[in-house]
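Here's the structure, in structure tokens; my notes come after.
Values quoted throughout were computed directly from the atomic coordinates according to the rules given, and no laboratory measurement underlies them. Worth saying up front: this structure is predicted, and the values here are computed from it rather than measured. Every residue, glycine among them, receives a Cβ derived from its backbone with ideal geometry; neighbour counts consider all protein chains shown.
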Amino acid sequence: MKRIVLLATFAFSQAIAVAAQGQPAAMNQGQMDRLDRNRNGAVDQSEYQAFMTSAFVSLDKNKDGGLRSEEVGQILNTQQFAATDANRDGKLTQNEFLNRVMADFKAADRSGDGNLQ
Ligand SMILES: [Ca+2]
Ligand SMILES: [Ca+2]
Ligand SMILES: [Ca+2]
């Protein structure tokens, strides 16, 4: 069960990275490098959060401060959207989005040192 969650969240993060940068490839070393702003070879929580905050803004095409299913239809399926929409109002706020992706970060950080590498 835990393994399935990790795989799903990793795919989710990759999809966000691709969507934000408009490139038709999975998250690769070049994209990891872009997240790694201080070039220490690891992506820490603040780097990841900064990236995801900008991803939220670029995904919010109509600039209403929320993501509706049609805005993220290419990267989230119905189940993933529902899992992220904590208050079930059909819209992802920046808080809901960041809560989800930062939980993904912690899940992906298997060593628990606050860095992804
Ligand atoms: Ca870093
Ligand atoms: Ca929107
Ligand atoms: Ca919501």
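Just a few scattered comments:
- Within segment 79-117, being acidic (Asp, Glu) and within 16 Å of ligand 1 (Cβ to nearest atom) holds for 109, 113.
- Among the residues of segment 39-70, just one is part of a strand (DSSP E or B), among the aliphatic types (A, V, I, L, M) and farther than 15 Å from residue 97 by Cβ, namely 43.
- Scan of segment 41-94 for residues that are β-branched (Val, Ile, Thr) and touching a residue at least 12 places away in the same chain (Cβ under 8 Å), ordered by number: 43, 53, 72, 75, 84, 93
- Filtered by the rule that a residue be assigned to a loop (DSSP other than H, G, I, E, B) and aliphatic (A, V, I, L, M), segment 71-115 gives 72, 75, 76, 86.
- Subset of segment 55-111 that is at positive phi and out of contact with any strand residue (DSSP E or B) (no Cβ under 9 Å at 6 or more places or on another chain) - its residue that is farthest from ligand 3 (Cβ to nearest atom): 63
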